[in-house]
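The values are calculated or read from the model by the stated rules, or taken from the named source; none is laboratory data. None of the values given here were measured: they were computed from a predicted structure. Note that each Cβ is placed from the backbone with ideal geometry, even for glycine, and that neighbours are counted across all protein chains shown. Accessible surface is based on the protein model in full, side chains and every heavy atom, while ligands, DNA and RNA are left aside. Shrake-Rupley method; radii C 1.70, N 1.55, O 1.52, S 1.80 Å.
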Amino acid sequence: MAKRLLPTLNRVLIEKIVPPSKTNAGILLPEKSSKLNSGTVVAVGPGARDKDGKTIPVCFKEGDTVLLPEYGGTQVKLGEKEYHLYRDEDILGTLHD
C-alpha cells in the first residue's frame, strides 16, 4: 500500500541524497570525501501562521535540492524508503547546477 505524507505547518519532507560509495572503475571512496549533506524536497507543508493568522508560505517547492544541517530533523520511514522532516528555517539553502 502506497503512503503519502503531507507535512503540517512549515515542515518540509526530504529524501536525502546518498553519494556513491565507489567510482565507475570500482575504486572505493572514503565516506568523508563525498559527504555533502543534501536532499530532495518531496513534500511541503502549507506554511506557518503569524500572530494575525495569515499564512507565511514555505520558501521551498517539491523537487528542490537543498543543503541540510549536519544534525536535526525527524526520521520517517514510509514503506522501504527513509525520509526526514525539517522545519523550513532549519534548511540551510538550495543547491543549483
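Residues checked against (1) small (G, A, S); (2) at pLDDT 90 or above; (3) open to solvent by less than 40 Å² (accessible area, probe 1.4 Å); (4) touching an Asp or Glu at 6+ places or on another chain (Cβ under 6 Å):
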position	(1), (2), (3), (4)
L36	no, no, no, no
T40	no, yes, no, yes
A43	yes, yes, yes, no
T55	no, yes, no, no
K61	no, yes, no, no
T65	no, yes, no, no
L68	no, yes, yes, no
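Testing K32 on (1) open to solvent by less than 60 Å² (accessible area, probe 1.4 Å); (2) at pLDDT below 85, one condition comes back false. Which one is that?
(1)
Pairs under 7 Å by beta carbon, first residue among the aliphatic types (A, V, I, L, M) in the range 85-97, partner assigned to a loop (DSSP other than H, G, I, E, B), six or more apart or different chains?
Correct list of pairs: L85/P7; L85/G73; I91/F60; I91/L68; L92/L68; L92/P69.
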